[in-house]
Amino acid sequence: MKDGQEKTSSFKTIVSVLIALVAVTGAFVAWQSSQSSGEASTLESNGIKAALARAKAEIEISANLYRNQINFDSYLLDYRNAEITMDQTTEVPTTMIDSQQALDQLFYGRMESINRAAVYRDLVDIDYFHEQFTSSVTNSFFDQDRYRQAMLAQVATMQAIDPQVYFPRVDFQRGRALDFALSGVILSGALVCFTLALVLSNRWKFFPAAMGCGMYIFSLVIAFAGFF
Amino acid sequence: MVDKRFKIILSLLIVLTTFLGSMLVFLREDVKVQGSTLARDSRVLAIQSITLGAQAYSNWNLESDLISKYQELSQLETLESVLPADEGTVNQLLIDLTSKRITLLKEALRPLAQSLQPPYFDPQFGIFDMVQLLVDQNFVPATELNELQEVKNDEAVYRGGQADSFLLGITILAVSLFFYGLSLTISGKLRLFFTATGVCLTLAVVCFTFYTMSIPFQTPSLDAIRLYSKAYGQAQKAQLYELLSYHTSVGKPVDEAIAYYDQALAVSPQYDSAYQGRGAAHLIKAQSILFGSDQSDPSRGELDQAIADLQETIRLGRNDIFSFWNLGWALYLSGDHQGSLQALQTALEKVPEQRFGIGLQISLNQLASGQIDQAKTTLEDAIAWASDPRHALSSDPWYFKSMIRNLYELQTSQPAEGMDWMEKRLKEAFVCLTSFQQANPRPIEGTMSPLVFFTDPVYDDNGKLIDYKEMQDFPAGTVEIFLQFEYGNMKDTYLVTQKVYRDGQEQTLYGKSELWSIGESGSGFWGVTYPIRGVVNRFLAPGKYTVDIFVEGNLLTSGQFTVQ
């Protein structure tokens, strides 16, 4: 009888220790959950800042791109005008009275166009200007895609502009916080089982105690998984 | 023994409640995480939408610039074709070479602009559809982003609400724990009462939690959002044509818009934005039929559809100003003035800053209901609100122009006593606000006779008009129309404003405002023509024109003519 009482007493002691462990672990997972949530908030804020920086950069690049393209278009038209005018000098019949007057007009027109084209050409960012000297100016183009990419890359060397660097980490931290919260729920389940084990006096008490142990271990696994 | 068993039960209740509490904490954390992620996505989409808008407008400017260059070349091409030159001369040769050069330059220009390529450009007639380009490049993608952003935001708000509900549950569970704790410390029947109360509260929380989790959040599918965006783009195009009084051009885009809205609603039947958009599209169509044909009956079906869709929008919870304002206008056009008034007053309650725009509509309603004195008071209140510089947001010229246009059209299709007065008052208030930043005309003594329109003027050697051909109906392709009037008691300090309307829509191109400078009395003649002299190929668009002349803000004389 005395042996039985001692066994019950040591069982209760073990379960009490386990309850205390559950409580301490619960406090730990709550702390970790809060840490992860805080980390997620900071990262999210950085991600939004990056998204805003990218938007600002893209808008500025678009405006500059527009300026470049409009100057390029003007250059192309004036240069093309000069090309056509040059070709048209052969269409002036030499037999015509005042043919020299016509040729002079075409010459001055060409000079006007070519000089206007030069002004516009100077205003275009030359690094992205593609021209083929062997063919007509109409084969030239301003490389918008490359300009956009290069400008974005340039901005990226000075500040973070890619929110996707942060957002997966935000999701990870939030998932971790959630894992800790789940671990907390399972720990409270273990607490219920241990309390039941303390309340029951017959041999059925071992079943909830074992279940509580299982839940405790499971919650530890979930909590540790959160670290990886 | 009973006491011990009671305490055991209580202990179990406490740990069970704690377990429930931790589950609620977990559920709250879960929906909070979902809500935060959705809110973040919503913010990023908003940023993307702003970026897209800015980029689209940069691109639009680029396209506009290229179109201007193309039009400049076309204008020069026309000029070259009308310049006189003798065959075989140097002049003729240079004109021919210039024409060829222009043609080649136009060819060089075309690959640079999207608006100069199909489907936005018809090379056969040289017509380009810049509106469709704007719809495709800006309206549709921006609307898609905005809708996605709104859906994410709505869901984030919904998850936030769920998190709040779970927090309430946790608080109630804490109260239950307090009751259980109290039951452990006291004895007698009271402890049973406290325990029972704690159990009831715990059960209530369980039920409430299940209820909260069982309410689904209804969100339109991505396909529905895409269809909605396409519909919205076409509806915007239709609305633009309707505002410019090109009634016959409204049909195609508005029908496309309605078809897209139908498809969006087939995919997501509870999509409130699609109902709102479809209602607005039917309203645009009804208005274009009504104003285009001047008959009420053909627009009836469209109006009924518009009213049904807008009422459904409100029933689904989208009870914003646009739903009520559009509903008010649809009900007005369908003849339900009382219902319209109610809807407009609800719209005004929602956004009191719109007292000008909605005030004009309410005044129109009162006119149609025969309450002329009330209508005058409402109109003056609305104009007074618009005159206040603090209310710039609601005194947009767009409201003046659209209501003046609507009043012009309604006087033919759905006339009511007092509409002519309202039109005159609005026109005067608009001119006065623009010219002297106050809503009332200044007192004058000047007079002007009704306007006489003519063409082919003949002048004497001193530049005096000696003969002309008086007309009311001018042929297609008319470039310039003259107007003549007799005047008296005019002073050189008077500000005189000419406004020209085509089918009720103000044509700002032909308007002018200047100080009077041709003496106290006599005969004056002005022109309705492109503002720059010597320009070729600038015809007056077909339509019914009204010319108004305001002196110091007073509408002194007016006249009408038609261009075929």
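The values are calculated or read from the model by the stated rules, or taken from the named source; none is laboratory data. Keep in mind the model is a prediction, meaning the values are calculated, not measured. Reconstructed Cβ throughout: ideal geometry from the backbone, glycine too, with neighbour counts over all protein chains shown.
Of the residues B:333, B:310, B:360, B:327, the single one that is surrounded by 17 or more Cβ atoms within 10 Å (Cβ to Cβ), more than 17 Å from the chain's Cα centre (by Cα) and either touching a residue at least 24 places away in the same chain (Cβ under 8 Å) or closer than 21 Å to residue B:407 by Cα (or both) is B:333.
If you scan region B:149-171, which residues turn out to be under 26 Å from residue B:238 (Cα atoms) and buried (at least 21 other Cβ atoms within 10 Å of the Cβ)? The one that is under 26 Å from residue B:238 (Cα atoms) and buried (at least 21 other Cβ atoms within 10 Å of the Cβ): B:151. Taken together, the residues in region B:79-95 that are in a loop (DSSP other than H, G, I, E, B) and β-branched (Val, Ile, Thr) amount to 1. Annotation note: of A:146, A:169, the sole residue that is more than 9 Å from chain B (Cβ to nearest Cβ), of a type outside the set (Ser, Thr, Tyr), in contact (Cβ under 8 Å) with a residue 40 or more places away in the chain and surrounded by fewer than 18 Cβ atoms within 10 Å (Cβ to Cβ) is A:169. Among the residues of region A:187-214, those that are within 9 Å of chain B (Cβ to nearest Cβ) and in contact (Cβ under 8 Å) with a residue 24 or more places away in the chain comprise A:187, A:188, A:189, A:191, A:194, A:195, A:198. If the condition is being more than 7 Å from every other protein chain (Cβ to nearest Cβ) and either aromatic (Phe, Trp, Tyr) or in contact with a Ser or Thr (Cβ under 9 Å, 6 or more places away or on another chain) (or both), then region A:50-63 contributes A:54, A:56.
Number of residues in region B:49-69 that are more than 7 Å from chain A (Cβ to nearest Cβ) and closer than 28 Å to residue A:45 by Cα equals 4. Of the residues making up region B:323-348, those that are small (Gly, Ala, Ser) and either modelled with pLDDT of 95 or more or part of a helix (DSSP H, G or I) (or both) are B:323, B:328, B:330, B:334, B:339, B:340, B:343, B:347.
Residues in region A:96-154 that are within 30 Å of residue A:56 (Cβ to Cβ) and among the aromatic types (Phe, Trp, Tyr): A:120, A:128, A:129, A:141, A:142, A:147.
Mind telling me which of the residues A:151, A:158 ends up being buried (at least 16 other Cβ atoms within 10 Å of the Cβ) and away from every other protein chain (no Cβ under 12 Å)?
Only one candidate passes the filter, namely A:151.
Assess whether residue A:66 counts as being more than 8 Å from every other protein chain (Cβ to nearest Cβ), at pLDDT below 95, part of a helix (DSSP H, G or I) and closer than 23 Å to residue B:106 by Cβ. Answer is no for this residue. In region B:261-273, the count of residues that are under 29 Å from residue B:415 (Cβ atoms), out of contact with any His (no Cβ under 9 Å at 6 or more places or on another chain) and crowded, with 24+ Cβ neighbours inside 10 Å is zero. For residue A:224, the conditions (1) in contact (Cβ under 8 Å) with a residue 12 or more places away in the chain; (2) in a helix (DSSP H, G or I) are fulfilled apart from (1). Contact map, region B:5-16: residues that are in the same structural domain as residue B:185 (by TED's automatic domain parsing) paired with residues that are modelled with pLDDT of 85 or more and charged (D, E, K, R), Cβ distance under 9 Å, separation 6+ or inter-chain. Pairs shown: B:6/B:191; B:10/B:191. Inspect all residues belonging to region A:190-203 and state whether any of them is in a helix (DSSP H, G or I) and within 30 Å of residue B:46 (Cα to Cα). There is no residue in region A:190-203 that is in a helix (DSSP H, G or I) and within 30 Å of residue B:46 (Cα to Cα). For region B:174-204: of the residues being of a type in the set (S, T, N, Q) and under 60 Å from the mean Cα position of the chain (by Cα), which is farthest from residue B:25 (Cα to Cα)? Step by step, filter region B:174-204, then rank; the result is B:197.
All of B:523, B:558 fail the test of being touching a residue at least 12 places away in the same chain (Cβ under 8 Å), of a type in the set (S, T, N, Q), part of a strand (DSSP E or B) and surrounded by fewer than 14 Cβ atoms within 10 Å (Cβ to Cβ), apart from B:523. Exactly one residue among B:252, B:285 is surrounded by fewer than 21 Cβ atoms within 10 Å (Cβ to Cβ), outside the structural domain of residue B:158 (by TED's automatic domain parsing), over 20 Å from residue B:315 (Cα atoms) and without any contact (Cβ under 8 Å) to a residue 60 or more places away in the chain, and that residue is B:252.
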